[in-house]
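Take a look at the structure below.
Just so it is clear, none of the values below were taken in a lab; they were calculated from the coordinates. If you're wondering where the values come from, they're calculated on a predicted model, not measured in any experiment. For neighbour counting, all protein chains shown are included, and Cβ atoms are generated from backbone atoms with ideal geometry for every residue, glycine included.
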Ligand code: SAM
Ligand code: SF4
Ligand code: F3S
């Protein structure tokens, strides 16, 4: 691999989209670091500017054009030449086609080509011509690349890539390919290594983690993976995302029985109307989803449930939407990511006509947000006066004297930094916080226990 032109170069990386992209960025950074590059915080200080792109909704898609154009007005690069690279899902979707509209882009690399990013950038420096690589190759190969982790105490661990579900609105299966699971032992070994390095919290990543192993073993083995990862000694395990149709009883048992698996579950519902769920190709009904929630709560009564919901799927009626509202009220989510439907060319839903006016969709969206805010507020009230162990991540953006941590239910926790302690000493530690205020999006209180 030729990378001699990279030694001593500075790079800036901006990431859009989901945790998969965030993790891919950690691998790209790791690779560039291993070639002697240095990460910088501003694009103007960088010889290499990288955008890791997302196209799940139109808003994410269009942002790339503004970002790339703004690079034209940057001062000259420290080394005299600046290389602009575009990776991630837009790069995978559009390939060389991106060069038509983005004339200052030097490198385009797809989601399956990140192992080659250093060579491509090196060649762009040497030859000055555009380099494009968006081939199908082993999508799990990136997991053997060097890894630049922003935090020493927690890590994302991809367990599979791609998605086989083809929900009718979603572009992801087209840009990330089919499901491919990493080897079971490789994942467990990786977590074991991370624990030895001091990692306390891991998040297992995949578009549908419940079907982990189907391609390797003929049946999903996510429950076994949870148990094996629990045996590594890692203190906190989260995972995302779970598709409701694949959440097996043995997985719910593992969640209830493995102490390190945190009482939190992200289970995207998308709609509360069985009619819309069918059009979305989600392969479960409202009743089946609610039944699943009951089964999860039977085993883990205080679980924090979060979800994704789309408002304005083509043809969604007021009656369909009210079914979504009532489902959200019934479940009582601790958190929800709410989206307005965005037409994605090439997906089946893009072919469905929608007569619903935009202002009606916006008004429904706001009604849903209100229901979610109320349920998040109600959920947090359960922890008022409780003592919550918070893994400290840093300080509040608004007030540097307030520490910010995460509870086992993934709630944000705020508390004044105790006298005589510096935040640097607390980051990555778990502190006990006595909660005296429970708001919609955070708990706050006082540190009462020493850190560990
Ligand atoms: N695989 C995950 C799952 O099914 O839970 C979801 C991954 S996707 C990156 C995150 C969320 O984006 C989806 O759950 C869905 O709510 C939303 N989404 C996907 N396509 C969308 C579209 N065309 N318009 C609006 N929201 C969309
Ligand atoms: Fe998209 Fe559906 Fe796959 Fe999630 S499960 S990534 S929403 S196709
Ligand atoms: Fe976006 Fe690609 Fe993730 S489209 S949401 S970055 S898989």
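May I ask you to sort 28, 191, 387, 56 by Cβ crowding, counting other Cβ atoms within 10 Å and putting the fewest first?
Least crowded to most crowded, the residues run 387, 56, 191, 28.
In terms of the mean number of neighbouring beta-carbon atoms within 10 Å, the peptides 280-288, 206-214 order highest first as 206-214, 280-288.
Determine, for each peptide in 219-225, 315-321, the mean count of other beta carbons within 10 angstrom over its residues, then list the peptides with the highest first. Don't skip to the answer; put the middle values down first.
On the way: 219-225: 20.0, 315-321: 16.3.
Result, highest mean Cβ count within 10 Å first: 219-225, 315-321.
Exposure proxy shown here: for 409, 370, 434, the number of other Cβ atoms within 10 Å sets the order, fewest to most, as 370, 434, 409.
Each peptide among 256-266, 38-48, 59-69 gets the average number of other Cβ atoms lying within 10 Å of its residues, and from highest to lowest they stand as 256-266, 38-48, 59-69. Here, P(r) means the percent of Cα pairs in each 20 Å bin from 0 to the largest distance; for the chain it is 23, 55, 22, 0. To the nearest Å, what is the center-to-center distance of the stretch 214-253 and the stretch 346-406, using C-alpha atoms only? Cα centres, the stretch 214-253 to the stretch 346-406: 26 Å. Given a cut-off of under 8 Å on Cα pairs at least six residues apart, what relative contact order in percent is computed for the chain? Value for the chain: 9 percent.
Sort 342, 271 so that the residue with the fewest other Cβ atoms within 10 Å of its own Cβ comes first and the one with the most comes last.
By the 10 Å Cβ count, ascending, the order reads 342, 271.
With Rg and the Kirkwood Rh both taken from Cα atoms, where does Rg over Rh land for the stretch 148-381?
Here Rg/Rh amounts to 0.98.
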